[in-house]
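Contents: one structure, followed by commentary.
The values are calculated or read from the model by the stated rules, or taken from the named source; none is laboratory data. Because the structure is predicted, anything quoted here is derived from the model rather than measured. Neighbour counts are summed over all protein chains in view; Cβ atoms, including those assigned to glycine, are modelled from backbone coordinates with ideal geometry.
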Amino acid sequence: MKKLTQLLLTCGVFGSVALMARADDGPKIAVVDMQKVVKGHYETQTEEAKWRSDSEKAQKEFDVLTKDAQDLYNQIKEDQDQSNNPTATADAKAKAVSEGQQKNAQLQQKLQERQKFQNDTQQLMQQRVIQFRTMIVDEVSKVAITVAKRHGATLVLDRGSTIFADPSYDITQEVVDEINKNRPANLPALPAEPAAAPSSSSSSTVVPKITVPGVSQ
C-alpha cells in the first residue's frame, strides 16, 4: 500500500484545496494531511488488496512463460551438444541442427510473448492507478471541503505542502472519521505496516524482468 500511496501522490496531485474567501474577511485556515487520509481510506485498502492479488496472478503467468523459455533454451543446448558430438552420426547431427533451429524460433516467439505480457500488464496496472487516483482525490477533496466548512474555513491546505501549521488548524482526523462513516462493516482493520504494492519506485513495474541465461532478449 505504501508504494500505491506514493503513486497516488506523484506529480503534485495533492496541492492546496482552496475555498473562496469573502472580500471583507481574512481567510480562516484548515489543514489536512492528505497522504494520511488517502492511506487510511477504506477504498485504498480495498484497492491494495485487489492490486496485490492481481499482481500475484500476473507474476504466476509470467513465471510460466519464463519456465517455458528456459525449457526451450535447455533443449537447444542439448541439440547443440548432439550436433557437436564427435561420436554422433551425420544424420543425427543434421537432425539435431534442424531441431535446434526450430526450437530457437519457438524460443524467440516465447520471449516476445513474455515481453508483450509484461508490457501490457504494466500499462494496464498504471492506467488502473491513474483512474483510482482521480477518483480518490476527488472524493477526499470533497470530504475535506465539507469538514472545513463546518469550521467556517475559507482556505484548506495540504499539510504535505505546508512548512508549519498550528495543530489547532488540523482537521485530518475529522476528515478520516467522516470518510469512515461509509466504511463497510466486513472490511478488516487497516494493518499497522501495510504491504508495499508490487511496483518499482519509478516505473511501476508489475512483474520483474527475468533473464533466461545465455538467451538474448
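Looking at GLN108, GLN80, can you tell me which residue is touching a Gly at 6+ places or on another chain (Cβ under 7 Å) and over 30 Å from VAL32 (Cα atoms)? If you could, list the steps in order and put the result at the bottom.
Working: GLN108 fails: touching a Gly at 6+ places or on another chain (Cβ under 7 Å).
Answer to the check: GLN80.
Looking at LYS103, LYS95 in this structure, which one is of a type in the set (D, E, K, R) and without any contact (Cβ under 8 Å) to a residue 24 or more places away in the chain? Walk me through it before giving the result.
Details: LYS103 fails: without any contact (Cβ under 8 Å) to a residue 24 or more places away in the chain.
After ruling out the rest, the residue left standing is LYS95.
Between ARG159, ARG128, ARG114, which is surrounded by 14 or more Cβ atoms within 10 Å (Cβ to Cβ), touching a helix residue (DSSP H, G or I) at 6+ places or on another chain (Cβ under 6 Å) and at pLDDT 90 or above? Lay out the reasoning, then the answer.
On the way: ARG159 fails: touching a helix residue (DSSP H, G or I) at 6+ places or on another chain (Cβ under 6 Å); ARG128 fails: touching a helix residue (DSSP H, G or I) at 6+ places or on another chain (Cβ under 6 Å).
Just one listed residue meets the conditions, ARG114.
Per-residue answers, yes or no, for (1) of a type in the set (Gly, Ala, Ser); (2) surrounded by 13 or more Cβ atoms within 10 Å (Cβ to Cβ):
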site	(1), (2)
ARG52	no, yes
SER55	yes, yes
LYS60	no, no
LEU72	no, yes
PRO86	no, no
GLN108	no, yes
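Can you list residue pairs whose Cβ atoms sit under 8 Å apart, with the first residue in the range 117-136 being in contact (Cβ under 8 Å) with a residue 12 or more places away in the chain and part of a helix (DSSP H, G or I) and the second being loosely packed, with under 12 Cβ neighbours inside 10 Å and among the small types (Gly, Ala, Ser)? Count only pairs 6 or more apart in sequence or on different chains.
GLN122/SER203
So is LEU7 modelled with pLDDT of 90 or more and either out of contact with any His (no Cβ under 8 Å at 6 or more places or on another chain) or within 30 Å of GLU174 (Cβ to Cβ) (or both) or not?
On the way: modelled with pLDDT of 90 or more: no; either out of contact with any His (no Cβ under 8 Å at 6 or more places or on another chain) or within 30 Å of GLU174 (Cβ to Cβ) (or both): yes.
So LEU7 does not fit the description; no.
Would you point out the residue of the range 140-160, among those that are over 31 Å from the mean Cα position of the chain (by Cα) and in contact (Cβ under 8 Å) with a residue 60 or more places away in the chain, that is nearest to GLU178 (Cα to Cα)?
Of all residues in the range 140-160, those over 31 Å from the mean Cα position of the chain (by Cα) come to 148-155.
Now drop any that are not in contact (Cβ under 8 Å) with a residue 60 or more places away in the chain, which leaves 148-149, 151-155.
On the way: ALA148: 12, LYS149: 13, HIS151: 14, GLY152: 17, ALA153: 17, THR154: 19, LEU155: 19 Å.
Ranking the candidates gives ALA148 first.
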